[in-house]
1. For the pair residue 127 and residue 110, how long in nm is the line joining their label points, each one 7 Å along Cα→Cβ?
2. Please give the per residue volume of the convex hull enclosing the alpha carbon atoms of the range 9-116, rounded to a whole number of Å³.
3. What is the extension gain from residue 118 to residue 42, computed as 0.36 nm multiplied by their sequence separation minus the C-alpha to C-alpha distance, in nm to one decimal?
Ligand code: FES
């Protein structure tokens with residue numbers, strides 16, 4: 001029986017099929033520097049098989065709210081993109097958990113501010129923390145606080 005040869009390189013169509021990501025999105029990822037291909041002798045893009053794992057990682061990160069820029073920074077920090085290890089994955093997961101905790105805290109604060117605004121509708125620059133959340137000078141009173149210092 002002849003052993004089936006498994007290529008180390010795959011086409012964009014196969015990468016799309018294996019990851020569930022559209023071909024146009026994969027091209028976009030490539031333009032953003034998240035994944036890399038090379039051209040075969042027929043001038044078609046081909047990707048090393050390890051890119052399947054990278055694309056999966058991108059999908060997970062996007063689902064948890066990370067931007068492609070954030071993801072690119074993380075990918076650039078990996079010791080070896082061709083071989084994402086369990087340790088790499090755990091380290092990424094811990095960093096992302098910290099980021100998610102921060103986002104959850106921020107969103108909870110926004111939710112609390114929103115609760116204060118429901119039924120109010122004033123949208124006052126002086127009073128509304130949702131409209132003007134970092135108005136530290138407003139605590140000193142109305143008007144141009146810096147002009148009076
Ligand atoms: S709308 Fe009135 S406090 Fe935000």
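FYI, it's all coordinate maths here, none of it is from the lab. Not measured: the values here are computed from a predicted model. Note that each Cβ is placed from the backbone with ideal geometry, even for glycine, and that neighbours are counted across all protein chains shown.
1. According to this spin-label approximation, the distance is 2.4 nm.
2. 110
3. Residue separation times 0.36 nm, minus the Cα-Cα distance, leaves 21.2 nm.
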